Each structure stands twice: as C-alpha cells, then as structure tokens.
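Read the structure below first, then the notes.
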Amino acid sequence: MNEKPSLFSRLFLNQWPHRLSVLLVGILLLQYVLWFMKEDHLWLPETVLIVELTLLATFILEHLPRIHWLIRGLLQLVMIIVINKQVLSHYHVIESMSASSFFTSRLFLNLYQLTPYLWFSLAAWVAYLALIWWVEVKWRVYVLLIVSVLAMCIRDSFSSIYLWPQVAITIGCGLFLLILSHFQQLRKKDPMAWSYLADYPASIAVPIISLISLTVVIGSIMPEVGPMVTDPYTAWRTLRGETVNFTTGKGVEVATSSGDTSSGYSRSDAALGSGFQFDYTPVMTVDTTHRGYWRGETRALYTGRGWEAGDTDKRAATTGVRPDAVLTPDPRSSGSKMKTIEVKQIISFLSEDKYPVLFGAFDIQKVTDINGVKGGFEPLQWAPSQSELRLNGSANQQYPKTYTVISQMPVIDEEGLRKVTDTSVRSDMGEYLQLPDQLPGRVRQLAADITKNAASPFDKAKAIEKYLRENYPYTNKPDLSKGRSRDFVDRFLFEIKEGYCDYYSSAMAVLSRSVGLPTRWVKGYASGQSSNIDEMFGMFGNEGMMDPDAAGVYTVRNADAHSWVEVYFNGWGWIPFEPTSGFTLPRAVQLEELSAESSVVPEVTPAAPEATVLERHGQWIGISAIVVAIAAVAAFLVWKLQLLELMQEKLERRRASLLKQKVIVECERLLRICRRNGYIRYEHETLREAVRRWTQQSKWMKADLDQVLAIFEKAKYSKAEITDEEWQHTVNIVEKLRSQF
C-alpha cells in the first residue's frame, strides 16, 4: 500500500522542477531590475519598488497548488493593482484611494491614476510569465543566457555601471535552468528514473547544488591573476581614453584603465578611483573680474563606490532662464548673513564637447547673453536647490560657444561662521547626511577623532579640511594594489593613502556627514591659468608676488577638471571647502572704505636765508646733472648686471620658507634664464614636455635638466621631503647652466 504524501510534500515538493524554474526566472529578472536601478535617471525609486513587489507577488502566487491558471492570473492582477496603489500612496505620488473605489463604475478612471507605473508592473508580470514558458526548452535557455550576459557585459564595459555581480548570478541561474531542462527530457525518456527523482529530489539536488557552490567558493578564494590578453571592450575604451571597471582580489570595485586615460570633466561619477594622464587640451577661456572655481554639478548620494544623483537631485524643481533676469535663489539660504561680491564672467569654449550644465562661479545670479545675443535661452533650466544651470537640449543642439554670467561670490567670514552653534538639520537636508549602511566604522571614528577639539560646526569642517590636506599626498596615479576595502573613501583613508581631487573631496564629504555636517559633492573646473601667472607655480611660491585672485583671462584645460565640497551652515547657507592638497580655493574679499587719516600739523622751523636767482639756477643745474648721471649709470648697471631679476630672485628665496618652495623658485629662475637664451616654454607645454624639446635641440643640457626636472617633480607632487643636498644640487646646476649660456 502506497504511503500518502505529507502536506509539506504536496505544497512544496510537488512539481518541484516547475517551482525551481519559477524561482530561477524571478532571480534572473531581478538582475535586470538591479541593472535598471543603477542607470542614472532611468527608473524612480517607487518604480523599482513596484516592479520588485510585482515579481515577488507573481512568484508567491505561482506556487499556490491546484488553482486554475485563469484564477491565478486574476489574483496576480489584483495584487499588482494593490501594490501600485500602496506604493504610490506611500510616496505621495497619488492621493489615498480606498479599495472600494476600484469596484465602482469609475474603475478605469481610478486605474488611470496609477499610470505609467502600472504599465511597468504589468510589463514585469507578463515578462515573468513569458520567461517561465520560454525556459521549458533547452535551446531557449541558451538564447536567454547568451543574450542576457552579452547585454550586461557590453553595458558594463562601455559605461561606469558595475554589473559583474548581475552577470555572475545570471550565469548561475542559466546553469540551473539548463539542468532542470535536462531533467524534463529525462522525464520523457525514462519515466521510471524520473519517478524516483520526483519523490526524492534531494538525492540529486544536494550534490548538484553542492558542486556548483563549491566551484563558486573555490573561484572566489583563488588568488587574482591579471588577464594575459586585453578584451576587445577594454581595448576599445582604452583607445578612446576612457576608464574601465575592474575588481581587486578582495572583490573591491574600482575604476581603472589599462592605457593612458586622460583627465577631463567626467559625465559619470558612479565608480571613482583609478589613475589618469594629465591632458592639457584647452577647454575654455574665462574672462572674469575675479578668479573662481568654475562650478558645474553637485551630487548628494554616496554609494560607497562613487557619487550618484539622489532623489532630491532627480526631483529638483527647475525654473526657466530669461536674459538679465535674476535667478531664483536657493530657498534654504533665505535670510543668509553671507556677504557677497559681484563677479562677471565671459566664458568662451574652445572645444566641441557638450556638457549637461553651463559653468560659472558659485553662486550664479543671472545669465546676460548666449553666443553674444539675448536669445536662445529656451534649453536653460535653473535648479536653485543645487545652484545648477542645466542645459536640457536635444542631442543635435549646439552647446553655446560663449556666454556671460553674473555670480555673487560669497565672502567667507570665518569669525562669523565660528559663532554658529545651531546644529539642527532642516527636514529637507537629510539627503546631505546620507551614508551607506556598509560604511566601515573606522571612518566614523576617524571623523570623531579629527573634530573632537572643534568648538563649532565650522571648526569641524576646517579641521577635516586641514587633516586631509596635510596627511595625504597628491598623485594622479595612486597605487590601487594597496586597496582592499569595498568602500572608496575607506580605501583612500586607511589603505591607499594618496590620490587626487576625487579622493580628497569624497573623503571630506563622508567625514563631514559622519559628524552631522550637511555636505554635498561638487565637480567642475579649477581656475585654470591666467595670462600673468605661470602655470607651473599655481600651487607654490606665488604668495606676495601678485594677487592670486586677480581679474584676468584664464585658460581652462582638461587637466583643470576638479571636485570639491560645500558644507551647509544654518543662517549662512552653503560654504565651499578645498580639501585637496596643493590647491587653493579662490577667496573673495569685500573692499572696505579706508578711514580718513587724521591731519598732523607740521612743526615750524626757522626759515633759512633765501638764495638769489642765480644761486638757485646754478644749484638746480648741478643737482639735475648729478641725478641724470647717477640714473644713467644705475640704469646701465641694472641692465648689464640684471640687478632687478637678481633682487626678485633673492626676495623669492627669502619668502620660500620650505625647501620644496625653494626648489620651485630655482626652477622658475632656470626658466627665465632659458627664456633669455632662446629656450621658450610654450603656454600649452608642461615643464617635462619643454625639457624634452630643449634637449632634443641641445643634447649637452640633457643630463643637468633631467636632474632638475626630477627634483622639481618630487617637490611638487611627492609627499617625500626635499633634502638640503637636493636643493643645493638644484642651485648648483642652475648656476652652472647660467654660466654656460
């Protein structure tokens, strides 16, 4: 007599191949949902949640035994409508609706309120049911697997989106579906063997699952070996100078390039890291009344890998832009105590690249013209909450070649900001305190240690800024092999310990948020090179020589692409900070009226006897002759002995308190010596490029110039200290070259 199957067997083990197929198809579809969620501005959070719940509801109802497929489909449709209604009510997309409203004569009108979200969920439902039918045949499983993996691999390779986890899970689901397809064939060819498997599925499921799981585990713990041959996707992107995502031995997602990735304004910041080559191709010129950072976009959501647009960024209210009309200010900065100065910028683009925003100094107040006319403003949208001047044009639309903006640059009143003690956070500022759940605790602890002695929120921000500037060296090629942590900032702070602006700015944003300071990440361009400031010395040695924030025409190159942070202070608004070592944030200073000097009555002295006319005439002739002779001799000596340049060099040496700065000054002196003797460094050249060109013309200088160049690059880019011997060696070589010219 046959034993009656248990309730558990009837509910869960009956038709187990079909149940497993439903589970695997659901997991595979979920990988597509995760993919779409990573795409910028593709799916809203409520859309993702609705589709995920739709897949879950379909999966659960497909497991209900002995229900006619029509009844099951009807139940699934009702569940989908309920899911849409609940989620959209929770996100305040629609007004609250009662369940009875769906059974009235206005049924279709009520359903209309759920569109277009309802179409996404219905499409996910239909796709789920269609794939359950599709995977019943082995060749269809192969097609599904190949198409899915190819699509994800291509998207991963040709974008900054990281999809390798989705690829791995998709392959695993495909392998299990192929095994289930094989079992279905076994069922047709050998009913007896199938009958045994149907009654005891664990006898075959356990060894199969164990074997595949063991293979995956062994593969994950094996040491990482670099590829012997570059794959075509990586080779193509390397040729274009773009970054390629890769994973370190500990599963850490970073971005790198196997070739000469060039610097420039990044379109995506979802996966930060890697190294780059400086690209000095000019991007634009900025004719400005005050030096500034040319601000582009902000990001609020830190993912642990990089920065993405948060919900506030995606839903930001925008307004149109009209010529000379004052733009709507950020409502969170109303009543600000911040003083500002007006800065006018005429920005002219030198390349054909297109950007999603127009650049300008913080905070843009109005746009006066585009391409020299008071028209063509239709594509412009102003997002006051982000202070972004967005360009919402079509792909065929030409990016403006020139435009003029007026900005109100904040005057940083440090004393006033230090008096801010209000640490409360506005209800609409929560996104600027967001941190990933997986953020390592040592990052939060470091933030607490850095700011433990800070008396005010502003002091906390300054302490973090100073800590990063003083403890981490700048390099455009950080040693990524040191990185093990999964979090980008944690990897920088505790493992790699070197980097460039994206490392510093992200670290300051995360550390500031860890101590309760609302912070946003900003990207754009640094000031660039002015016609009266040598590019080489933009980081060192200019103090006191000229006004570093002066008006002028600045040439901005791809190498000037930069990122920094802005911190919000109650009663003041957003304040920019520059944590990157070697960079200086432009400082706006408000001119104050000079107080009138009090008059002083001169002391009366006895009058001397008045000289005659002839005596006075002879005295003036003699004095004039002596003055002219002395001036002529002095001018000759100054010209012949180059006394002015020697005095300037002496003054610069006296100002150079650090050996690194002294090396920089000596290199500047060498450049002037070379320029006087016909060896000119062109505006677009770096020092290394100029030295290479000079030594090709005059090989006798190569050994000496290479030594000076090596010490100069160490002084400018390395954290290592310059020794007295190296500085003195540089001085000796410069003197030697000067004597040989």
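The values are calculated or read from the model by the stated rules, or taken from the named source; none is laboratory data. Quantities reported herein were computed from a predicted structural model and do not represent experimental measurements. Because the Cβ atoms are built from the backbone with ideal geometry, glycine has one as well, and the counts that use them run over all protein chains shown. In case anyone asks, the SASA skips ligands and DNA or RNA and just uses the protein heavy atoms, side chains included. Shrake-Rupley method; radii C 1.70, N 1.55, O 1.52, S 1.80 Å.
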Residue in the stretch 341-349 that is touching a residue at least 12 places away in the same chain (Cβ under 8 Å), among the basic types (K, R) and farther than 30 Å from Y280 by Cβ present: no
Residues that are in a helix (DSSP H, G or I), modelled with pLDDT under 85 and not charged (D, E, K, R), drawn from the stretch 37-51: M37, P45
Search result, residues across the stretch 686-702 that are open to solvent by less than 30 Å² (accessible area, probe 1.4 Å) and in contact with an Asp or Glu (Cβ under 9 Å, 6 or more places away or on another chain): T686, L687, V691, T695
Test: residue in the stretch 418-432 that is of a type in the set (A, V, I, L, M, F, W, C) and assigned to a helix (DSSP H, G or I): yes
Residue selected from the stretch 437-480 under the condition free of Cβ contacts under 8 Å to residues at least 40 places away in the same chain and farther than 30 Å from K419 by Cβ, by the criterion most open to solvent (accessible area, probe 1.4 Å): D437
Failed item in (1) under 24 Å from D413 (Cα atoms); (2) part of a helix (DSSP H, G or I), with N453 passing the rest: (2)
Any hit, the stretch 398-413, residues being farther than 30 Å from Q277 by Cβ, out of contact with any strand residue (DSSP E or B) (no Cβ under 8 Å at 6 or more places or on another chain) and open to solvent by 40 Å² or more (accessible area, probe 1.4 Å): no
Members of the stretch 129-167 that are at pLDDT 85 or above and among the small types (G, A, S): A130, S148, A151
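When only residues in the stretch 703-741 that are among the polar types (S, T, N, Q) and either at pLDDT 85 or above or not in a helix (DSSP H, G or I) (or both) count, which is least open to solvent (accessible area, probe 1.4 Å)? Please lay out each step first, then the result.
Going residue by residue through the stretch 703-741, those that are among the polar types (S, T, N, Q) are 707, 718, 723, 728, 730, 732, 739-740.
With the extra rule that they be either at pLDDT 85 or above or not in a helix (DSSP H, G or I) (or both), the set shrinks to 707, 718, 723, 728, 730, 732.
Values: Q707: 73, S718: 47, T723: 59, Q728: 79, T730: 0, N732: 84 Å².
Out of the qualifying residues, it is T730.
Would you point out the residue of the stretch 110-128, among those that are hydroxyl-bearing (S, T, Y) and assigned to a helix (DSSP H, G or I), that is modelled with the lowest pLDDT?
Residues of the stretch 110-128 hydroxyl-bearing (S, T, Y): 112, 115, 117, 121, 128.
Narrowing further to those that are assigned to a helix (DSSP H, G or I): 112, 117, 121, 128.
Working: Y112: 62, Y117: 80, S121: 87, Y128: 91.
Filtering the stretch 110-128 for residues that are hydroxyl-bearing (S, T, Y) and assigned to a helix (DSSP H, G or I), the one modelled with the lowest pLDDT comes out as Y112.
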In the stretch 658-685, the residues that are open to solvent by 60 Å² or more (accessible area, probe 1.4 Å) and among the acidic types (D, E): E683
